[in-house]
Amino acid sequence: MTTKHLPQRKNIRAEFHDYSGGDYFITICTRDRLHYFGEIINDEIQYTAVGDAAYHALETLHTHYNYVEVPVFVVMPNHVHAIITIRESADAPGCIPSIRTALGVVVGGYKQSVTRYARRNNIDFGWQSRYHDHIIRGERDGNLISEYIENNVARWANDCFYK
């Protein structure tokens, strides 16, 4: 019996960073970039039930992970953009995961929460298997990303995820 060798997946995370503290710009796409979360009509997002769940899950992420803040985010028809800040909580030292990266734990928990909502309500839904992250390097970088997120709905027709 011969063993077929599959190509090894490239690690897309920065090798010089442990992803357990700092500010991150993340993008998570839906499976096949389908519009599970809603549609943009007259420059306003009209959320579906799962879109509302995705919005609420980001809005309350800090209640599930006390070391996380989400200062700015947007749920688009087929993807989510957010800035996630990971800080050790003064009132809960040592709470950041040490085995897996904190960012991976948070994103995985978020995706699981939205998926669980969809399944409980018999809603067809799926995520793309991975997510994109960018380590925010300084105030200028953070301000540019915040502006991009805040204006994402208005620029939908020109967005690379528009489909």
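The values are calculated or read from the model by the stated rules, or taken from the named source; none is laboratory data. Everything quoted here is computed from the prediction, not taken from an experiment. Here the Cβ positions follow ideal geometry from the backbone for every residue, glycine too, while neighbour counts run over all protein chains shown. Quick note on the areas: whole protein, heavy atoms, side chains included, nothing else; ligands and nucleic acids left out. Shrake-Rupley method; radii C 1.70, N 1.55, O 1.52, S 1.80 Å.
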In nm, spacing of pseudo-spin labels at Arg137 and Arg120 (7 Å Cα→C-beta vector): 4.1 nm
Among 33-41, 50-58, the order from most to least packed when residues are scored by Cβ within 10 Å on average: 50-58, 33-41
Stretchable slack from Arg130 to Thr27, in nm (0.36 nm times residue separation minus alpha-carbon distance): 36.1 nm
Placed amide H near Gly38: partners under 5 Å, 5+ positions off or other chain: Thr48
Accessible surface, 1.4 Å probe, highest first, among residues Asp133, Asp124: Asp124, Asp133
Förster radius 45 Å - calculated FRET efficiency between Asn66 and Asn158, Cβ distance, rounded to 0.05: 0.75
